[in-house]
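Here's the structure, in structure tokens; my notes come after.
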Amino acid sequence: MFDQILQSARRHERAIVGFLRDLIATKSLSAQEGDVIRRVEREMAACGYDEVRIDAMGNILGRIGSGPRVLALDAHVDTVDVGNAANWTVDPFEGDERDGIIYGRGACDMKGALASIVYGGRIIKELGLERECTIWVVGSVQEEDCDGLCWQYILNEDGLRPEAVVIAEPTNLSVYRGHRGRMEIEVRTRGVSCHGSAPERGVNAIYRMAPIVADIERLNDRLSGEPFLGKGTVTIAEIRSTSPSLCAVADSATIHLDRRLAATDTMESALGEIRSLPSVAAAGAEVAVLDYAVPSWRGLVYPTKKYYPTWLLAEDHPLLRAGTAAYAGLFGEPAQVGRWVFSTNGVAVMGMHRIPCIGFGPGNEVFAHMATEQIPVEHLVKAAAWYAAFPGVYTKG
Ligand SMILES: [Zn+2]
């Protein structure tokens, strides 16, 4: 069966590449994914999917099979912007294919994986591998802006409840089992403004913030975590203040924290650490998690906190065993097991909803968001084969 799947994936190589080149040519920044979703819809229909639907948020869900074992493969369809155009050696939205490598915005993060999961579904259909499975191939939106929000919507509102989800973000064809979570936190101090010529009449909010800044730097050194995902971190990404004029005492100061969460950290523990800093208590500073409420390309607003919980699949989990077994069966060598450095939609699927996730994707994550963004054609083919083989291996296991 593994040989048949690999042969089928190789037969579809040019179709996968052509589809990926089209996806790259269809610009799809977060909350502007309408065109690329329509392109995916056409491909799924041509690939013989049993059902294709676009939900009210704008995610696309393609179904293969109708068995009782429900699985999902996820690729977000949005990309980050180009950045400094001078850094690109190819047109980011035309891309290129040279020596077996596809270049262009989204090639690695993660339109390559999107092309591979859509064709993984096609191979399942062609070879009749779905059997007792229902496989949802999902193109999700707004991930680059607010990872996991799309899957909060899918799980809460679309009535989809898979028993496991494959996150197809780039893993360089390794099998991944988690990543650190993150939070965006603001700390604000307030003061009393007065004329800058007589500062003793007021209370300067920036001076109240200064010891907090120093305490945050020291807090980062104290954070811990388990060895696989690594320790939590905190850093100040931005500092700003308000004042009625540049000849006045500042009446508020705000710092924006990027907090990365270890496996042992929760929203409550991370907020508690900051609230209990002596400088925060002394200043009576406000500590809050930021909100996200940007309309999707279909105009839907689905507000959430900027809290993206950590997830980590156990080393002996059947999902991980199936992932490595599918790899070994297809490619005749043991799979590498690892973790992402960045964050994915797994924050909602497993971090919030406790649905087991596993990571497998084409491309090397070091090229994500870069002007040299690229993906090997060989990875696209191998990943499509793995996506086709995985459901059968997992449900038999
Ligand atoms: Zn991504």
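Considering only region 155-172, state which residues are within 16 Å of the ligand (Cβ to nearest atom) and of a type in the set (A, V, I, L, M).
Val165, Val166, Ile167, Ala168
Kindly provide the set of residues from region 186-210 that are among the β-branched types (Val, Ile, Thr) and crowded, with 22+ Cβ neighbours inside 10 Å, ordered by number.
Once the filter is applied, which keeps residues that are among the β-branched types (Val, Ile, Thr) and crowded, with 22+ Cβ neighbours inside 10 Å, region 186-210 yields Val187, Thr189.
Residues of region 186-210 being assigned to a loop (DSSP other than H, G, I, E, B) and either within 45 Å of the chain's Cα centre (by Cα) or among the acidic types (Asp, Glu) (or both), which ones?
Scanning region 186-210 gives Gly191, Ser193, Asn204.
Working only within region 120-145, note down all residues that are within 16 Å of the ligand (Cβ to nearest atom) and surrounded by fewer than 24 Cβ atoms within 10 Å (Cβ to Cβ).
Glu144, Asp145
Residues to consider are Ala283, Ala288, Ala325; find the one that is within 30 Å of Gly191 (Cα to Cα) and open to solvent by 40 Å² or more (accessible area, probe 1.4 Å).
Selected residue: Ala288, the only one of Ala283, Ala288, Ala325 that is within 30 Å of Gly191 (Cα to Cα) and open to solvent by 40 Å² or more (accessible area, probe 1.4 Å).
Under the condition of being in a loop (DSSP other than H, G, I, E, B) and in contact with a helix residue (DSSP H, G or I) (Cβ under 6 Å, 6 or more places away or on another chain), which residue from region 7-45 is farthest from Arg298 (Cα to Cα)?
His12
What are the residue pairs meeting all of these: first residue in region 66-82, first residue away from the ligand (no atom under 14 Å from the Cβ), second residue among the small types (Gly, Ala, Ser) and modelled with pLDDT under 95, Cβ atoms under 9 Å, and 6 or more apart or on different chains?
Close Cβ pairs satisfying both conditions: Val82/Ala371.
For the subset of region 358-372 comprising residues that are open to solvent by less than 40 Å² (accessible area, probe 1.4 Å) and part of a loop (DSSP other than H, G, I, E, B), which member is nearest to Gly104 (Cα to Cα)?
Per the stated criteria, the residue is Ala371.
Can you name every residue in region 72-92 that is aliphatic (A, V, I, L, M) and open to solvent by less than 10 Å² (accessible area, probe 1.4 Å)?
Ala72, Leu73, Ala75, Val77
Are there helices (runs of 4 or more DSSP H) fully within region 262-338 with at least 2 residues that are acidic (Asp, Glu)? List them.
In region 262-338, 267-275 are the helices (runs of 4 or more DSSP H) which contain 2 or more residues that are acidic (Asp, Glu).
Keeping to region 93-108, report how many residues are of a type in the set (D, E, K, R), in contact (Cβ under 8 Å) with a residue 40 or more places away in the chain and either open to solvent by 10 Å² or more (accessible area, probe 1.4 Å) or closer than 12 Å to Val138 by Cα (or both).
2
Out of (1) in contact with a helix residue (DSSP H, G or I) (Cβ under 7 Å, 6 or more places away or on another chain); (2) open to solvent by less than 20 Å² (accessible area, probe 1.4 Å), the odd one out for Leu229 is which?
(1)
Would you check which residues across region 339-357 are open to solvent by less than 20 Å² (accessible area, probe 1.4 Å) and within 16 Å of the ligand (Cβ to nearest atom) and list them?
Those that are open to solvent by less than 20 Å² (accessible area, probe 1.4 Å) and within 16 Å of the ligand (Cβ to nearest atom): Trp340, Ser343, Thr344, Asn345, Gly346, Val347, Ala348, Val349, Gly351, Cys357.
Which of the residues spanning region 273-317 are small (Gly, Ala, Ser) and under 23 Å from Leu219 (Cβ atoms)?
Ser276, Ser279, Ala281, Ala282, Ala283, Gly284, Ala285, Ala288
Scanning for something touching a Leu at 6+ places or on another chain (Cβ under 8 Å), away from the ligand (no atom under 16 Å from the Cβ) and under 20 Å from Arg69 (Cβ atoms), does region 316-326 turn up at least one residue?
Taking every residue of region 316-326 in turn, at least one turns out to be touching a Leu at 6+ places or on another chain (Cβ under 8 Å), away from the ligand (no atom under 16 Å from the Cβ) and under 20 Å from Arg69 (Cβ atoms).
The values are calculated or read from the model by the stated rules, or taken from the named source; none is laboratory data. Values in this document were obtained by computation on a predicted structure and should not be read as measured data. Don't worry about glycine lacking a Cβ; one is built from the backbone with ideal geometry, like all the others, and counts go over all protein chains shown. Accessible surface areas use protein heavy atoms only, side chains included; no ligands, DNA or RNA. Shrake-Rupley method; radii C 1.70, N 1.55, O 1.52, S 1.80 Å.
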